[in-house]
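Colleague: Got a structure for you, written out below as structure tokens; questions coming shortly.
Computed from the coordinates by the stated procedures, all read-outs in this text should not be read as laboratory data. None of the values given here were measured: they were computed from a predicted structure. A quick note on method: Cβ atoms are made from the backbone with ideal geometry, for glycine too, and the neighbour counts reach across all protein chains shown.
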Amino acid sequence: MSVEALIEQHGPSRELRDQARGLQDAAVALRRSLHQHPEIGNDLPVTRDQVLEALDGLPLDVTLHKTTSGIAALLTGDKPGPTVLLRGDMDALAMPEDTGLDFASKNANMMHACGHDTHTSMLVQAAHLLSDRKGDIPGRVLFMFQPGEEGHHGARHMIDEGLLDLPKNVDGSDSPLTGAFALHITSTLPVGMAGIRGGAIMASSDQLEIRVKGAGGHASAPHLTSDPIPVACEIVQALQSMVTRRIDAFDPAIVTVARINAGTTYNVIPETASIEGTIRAMSAKTRSKVHELISQVAMGIAAAHGLSAEVEIHLGYPVTVNDPTFAGFSTEVATSILGDKKVVQLPNPVMAAEDFSYVLERLPGSIMFLGGTPSGQNPATAAPNHSNRVMFDEDAMEVGVSLYAAMALRHLGVRLS
Ligand SMILES: [Zn+2]
Ligand SMILES: [Zn+2]
């Protein structure tokens with residue numbers, strides 16, 4: 001569809017962009033303050049206080065989560081309608097910062113290197129923007145400020161604590177959650193662009209541990225031992241054959257053994273060998289099949305040699321799946337705001353994982369990548385997310401605030417103006 005046709009359908013969004021522009025100074029100030037005081041995991045007291053202060057005075061019903069520092073803030077529009085969820089994550093990474101920015105992290109070994117500081121600030125500004133339009137909103141907006149995205153299952157903890165079990169409206173009418181949207185900034189896409197795809201957009205991520213158990217002894221008399229080392233090596237090789245021979249090439253998986261550990265010296269056969277690695281998949285079906293096959297391969301090979309193997313799989317995040325209809329909708333809304341050819345349909349998913357996947361298991365919705373390459377840099381060579389040198393162009397936040405607000409409003413059926 002042409003941009004003109006999309007603008008015709010969704011409205012020109014000029015006023016919305018102007019509103020977002022008016023919030024840009026506040027967006028930058030809050031982002032920089034968050035950037036200077038990064039926190040890690042599910043307990044983010046300083047971050048939570050900053051967010052609450054920035055939301056102060058808005059007409060929101062704020063629920064402070066108890067099991068984490070999560071904040072659920074509900075905006076009720078003046079007209080009846082369903083509820084839409086917008087997610088922003090608030091946590092940083094355990095790593096040093098080497099950007100040289102004058103608002104660089106003040107906390108040793110903590111850095112907002114995934115841009116969650118920008119997400120938090122954008123969502124706060126979106127709450128301001130949408131609160132201003134409360135009178136026109138037919139329904140409710142649930143702002144989800146989550147901790148612990150970087151491997152700490154923050155979204156799952158918030159869901160377990162009742163994030164999605166919303167009360168009815170004050171008048172007793174229903175306002176069910178009907179959609180969920182998230183953005184993720186990336187330094188490898190130019191400002192003013194967005195990237196999305198329907199279906200799987202990010203992988204599941206699980207941790208693998210195999211322990212091969214034999215019997216140790218003298219290295220000169222292996223027949224009197226049950227040597228776990230050649231068995232562990234065979235398992236590592238067989239896992240790769242298993243992936244290529246038994247997993248559908250069009251529904252791929254990755255099994256990477258990243259660590260092998262056995263033995264203490266050159267003339268002793270050890271009793272055990274351990275194997276550790278990561279498992280990535282693009283569908284729940286392949287994910288569980290890989291789990292099953294890993295046990296089969298490891299135990300089968302160990303048994304063939306008279307040893308045993310214990311397999312432990314620590315479940316990480318599920319596959320992040322964008323509902324195709326919602327991905328199409330987000331593409332249309334974003335194109336009407338950003339312009340022609342500015343919303344890239346990603347040909348492939350990303351093998352990283354995201355815990356917005358837990359929300360998308362419960363609600364239809366989508367996550368979109370937001371362009372944030374620092375000005376003057378090449379997206380192909382800019383330091384990527386999670387780098388100690390990653391930087392983001394703060395102009396991306398104005399775009400992100402418009403996108404958050406536009407997706408919520410359009411989802412609730414408001415035509416933009
Ligand atoms: Zn990250
Ligand atoms: Zn992230």
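Colleague: Please list, in chain and number order, the residues 5+ apart from Ala309 or on another chain whose amide H is under 5 Å from its amide H, with Hs placed from the backbone.
Modeller: Placed amide hydrogens put Lys213 under 5 Å from Ala309.
Colleague: What is the order of Met110, Met282, Met95, fewest Cβ neighbours within 10 Å to most?
Modeller: Met95, Met110, Met282
Colleague: What are the ³J(HN,Hα) values, in whole Hz, obtained from phi via the Karplus relation 6.51 cos²θ - 1.76 cosθ + 1.60 with θ = phi - 60°, for each residue of the stretch 185-201 in sequence order, with x given for Gly and Pro?
Modeller: 6, 9, 7, 9, 9, x, 4, x, 10, 9, x, 7, 8, x, x, 5, 10
Colleague: In addition: Is the stretch 377-417 best put as rounded, prolate or oblate by its Cα gyration tensor, with a ≥ b ≥ c the root eigenvalues, rounded for a/c under 1.5, and otherwise prolate when a/b is larger than b/c, oblate when not?
Modeller: Since a/c reaches 1.5 and a/b is larger than b/c, the shape of the stretch 377-417 is classed as prolate.
Colleague: Any chance you could list P(r) for the stretch 143-265, counting all Cα-Cα pairs in 5 angstrom bins from zero, rounded to whole %?
Modeller: For the stretch 143-265, the binned pair fractions read 2, 6, 10, 11, 11, 11, 11, 10, 8, 6, 5, 4, 2, 1, 1, 0, 0 percent.
Colleague: Pull up the cross-link candidates among the aspartates and glutamates for Lys213, meaning alpha carbon to alpha carbon under 17 Å and not fewer than 8 places away within one chain.
Modeller: Reachable aspartates and glutamates: Asp227, Glu234, Glu271, Glu276, Glu310, Glu312.
Colleague: Name the residues whose placed amide hydrogens come within less than 5 Å of the amide hydrogen of Arg140, ignoring near sequence neighbours (fewer than 5 apart) on the same chain.
Modeller: Distant-sequence amide H within range of Arg140: Gly77, Thr83, Val84.
Colleague: What are the residues whose amide H is under 5 Å from the amide H of Ile367, where those residues sit 5 or more places off or on another chain and H is modelled from the backbone?
Modeller: Result for Ile367 returns Ala182.
Colleague: Evaluate the Kirkwood expression for the hydrodynamic radius of the stretch 204-314, namely the inverse of the mean inverse distance over all pairs of different C-alpha atoms, and round to one decimal in Å.
Modeller: Its Kirkwood hydrodynamic radius stands at 14.3 Å.
Colleague: Rounded to whole Hz and in sequence order, give me ³J(HN,Hα) for the stretch 139-144 from the Karplus expression 6.51 cos²θ - 1.76 cosθ + 1.60, θ = phi - 60°, writing x for Gly and Pro.
Modeller: Computed from phi, the couplings for the stretch 139-144 are x, 10, 10, 9, 8, 9 Hz.
Colleague: Can you compute the equivalent ellipsoid semi-axes for the chain, i.e. the square root of 5 times each eigenvalue of the Cα gyration tensor, sorted largest first and rounded to whole Å?
Modeller: For the chain, the semi-axes come out at 45, 22, 21 Å.
Colleague: In the stretch 113-193, which trypsin sites (Lys or Arg not before Pro) fall in coil by DSSP and have 16 or fewer other Cβ atoms within 10 Å?
Modeller: Listed in order of number, the matching sites are Lys168.
Colleague: Count the net charge of all other residues whose Cβ sits under 15 Å from the Cβ of Pro59, scoring Lys and Arg as +1 and Asp and Glu as -1.
Modeller: Neighbour charge sum, excluding Pro59 itself: -1.
Colleague: Let me check I've understood the local charge: for Gly376, count other residues with C-beta under 15 angstrom from its C-beta, Lys and Arg +1, Asp and Glu -1. What total comes out?
Modeller: -2
Colleague: What do you get for GluC sites (Glu not before Pro) in the stretch 151-240 restricted to DSSP loop and a cutoff of at most 12 other Cβ within 10 Å of the site's Cβ?
Modeller: Passing sites in the stretch 151-240 do not exist.
Colleague: Using only the Cα atoms of the stretch 342-382, construct the convex hull and provide its projected area averaged over every direction, in square nanometres to one decimal.
Modeller: The Cα convex hull of the stretch 342-382, projected and averaged over all directions, gives 4.2 nm².
Colleague: I've got another one for you. HN-Hα J couplings of the stretch 151-167 from phi, Karplus 6.51/-1.76/1.60, θ = phi - 60°, integer Hz, Gly and Pro as x?
Modeller: Once θ is set to phi - 60°, the couplings for the stretch 151-167 become x, 10, 6, x, 5, 5, 4, 5, 5, 4, 8, x, 3, 8, 8, 7, x Hz.
Colleague: Now a separate question. Give me the dipole magnitude in Debye, nearest 20, for the chain about the Cα centre, with unit charges on the beta carbon: positive for Lys and Arg, negative for Asp and Glu.
Modeller: I would put it at about 740 debye.
Colleague: Where Lys and Arg each count +1 and Asp and Glu each count -1, what net charge lies around Glu354 among other residues with Cβ under 11 Å from its Cβ?
Modeller: Once all neighbours under 11 Å are counted, the net charge is -3.
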